[in-house]
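Step one of this worksheet: look at the structure below.
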Amino acid sequence: MTQKGLTYSDAGVDIDAGDRLVDKIKPLVKATQRTGADGSIGGFGGAFDLKAAGFKDPVLISGTDGVGTKLRIAIDTGILDTVGIDLVAMCVNDVLANGAEPLFFLDYFATGHLDTDKAAAVISGIAEGCKQAGAALVGGETAEMPGMYEGDDFDLAGFVVGAAERNAMLPRHNDMAAGDVLIGIASSGPHSNGYSLIRKIVEVSGLGWDAPSPFAEGQTLGQSLITPTKIYVKSILPLVKSGLISGLAHITGGGLTDNTPRMLPKHLMPEFDMDAWDRPAVFKWLQETGNVAEAEMQRAFNCGIGMVVCAKPAAAMDVLSMLEDAGETAMIIGQLKAA
């Protein structure tokens, strides 16, 4: 008896589902079109015209990141349309810290079984993040890998390329000195860092994702912890171009204490006034529920500050005014001192 020939579908990979997904997300991708990119997908690569985008002497700056175990909450709650914003945010905020304008973005989506509706929800968030960042979504990869991921599990990675004019790149160490001020810009919550600890604290609390949030009225616990990472591009780029700031730090894993020194020369260090801002309720709940030491809080979480800006004291009020006009909550949170 002749055995039926095996197909890719028998092995768990549905090529047609991938094609359907591409058709479904084409309008999302087109909505991210910007000067320099054609806004189409389906080829073998995405092109970007730096000259058309207005750059004269550009330096390309790239970045890559993921969303971490915040994905676990998204999968378990079924809230899939915002983690794509996190993915874009973690990448574009990093290149922004070098003074770069994000130009284009690519994503990698891997799963054991491709559910086109769920994948499209995730990619809709990626497209929304790209729109917030002013970056074109020029392509990506969707990988269906049975045996590698169980059930509804999936993973995400993102890749961004930005550019800065050579004379406007950050940080500018020669412009930094003891006494310069550090301005903090409010975060939208934990962003996409510390979520393994967050999930452990939730486990200790005994609450389910669908329980009323103890710190966010009108939301479930899952909804309040899936709040997407804030994208700072459109509010901070004017500061970069103004020349009023000498450095930027994106506050991610490692918190204020580990990330701020990354923008500083070795002879300077940050000195923070941790009472200069009101810590959002989510962090108070996490600290109390998990009995987390203050030093651990400051290293694991952003504690309410998503970006730190370095500026001369004379420029501080102008920087604060520009940030507030852009809709940000910002405040002086410290200064530089000799290391």
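Throughout, read-outs are computed from the coordinates displayed, never taken from laboratory work. All values derive from a computational prediction rather than experimental measurement. Every residue, glycine as well, gets a Cβ built from its backbone with ideal geometry; the counts of neighbours run over all protein chains shown.
Some notes on this structure:
- Long-range HN-HN contacts of Leu170 with modeled amide H, under 5 Å: Gly99
- Enclosing the Cα atoms of segment 1-151 in their convex hull gives a volume equal to 126 cubic angstrom per residue.
- For segment 44-52, the Karplus equation 6.51 cos²θ - 1.76 cosθ + 1.60, evaluated at θ = phi - 60°, returns couplings of 9, x, x, 9, 9, 9, 5, 5, 5 Hz by residue, with Gly and Pro reported as x.
- For the residue pairs Lys26/Lys234; Lys26/Lys284; Lys30/Lys70; Lys131/Lys200; Lys51/Lys266, alpha carbon separations beyond 31 Å are given by Lys26/Lys284; Lys131/Lys200; Lys51/Lys266.
- With 0.36 nm allotted per residue and the present C-alpha distance subtracted, the Thr329-Asn167 stretch has 55.5 nm of extension available.
- ³J(HN,Hα) computed for each position of segment 203-214 - Karplus, 6.51 cos²θ - 1.76 cosθ + 1.60, integer Hz, glycine/proline x: 4, 5, 5, x, 8, x, 4, 8, 6, x, 5, x
- Between 0 and 90°, nearest 10: helix 316-325 axis offset from the chain longest Cα axis: 40 degrees
- Residues whose amide H falls under 5 Å from that of Asp14, counting only those 5 or more places apart or on a different chain, are Leu114, with hydrogens built in the peptide plane.
- Dividing the C-alpha radius of gyration of segment 124-178 by 2.2 N^0.38 Å, with N its residue count, gives 1.83.
- For the chain, calculated [θ]222 nm from helices alone, where every DSSP H run of n ≥ 4 adds -39500 (n - 2.57): -10000 deg cm²/dmol
- Peptide ranges 247-259, 193-205 listed from the most packed, as the mean C-beta count within 10 angstrom indicates: 247-259, 193-205
- Of the labelled figures (i) 40, 23, 19; (ii) 37, 27, 15; (iii) 53, 20, 18, only one reflects semi-axes √(5λ) of the Cα gyration tensor in Å as derived from the coordinates, namely (ii).
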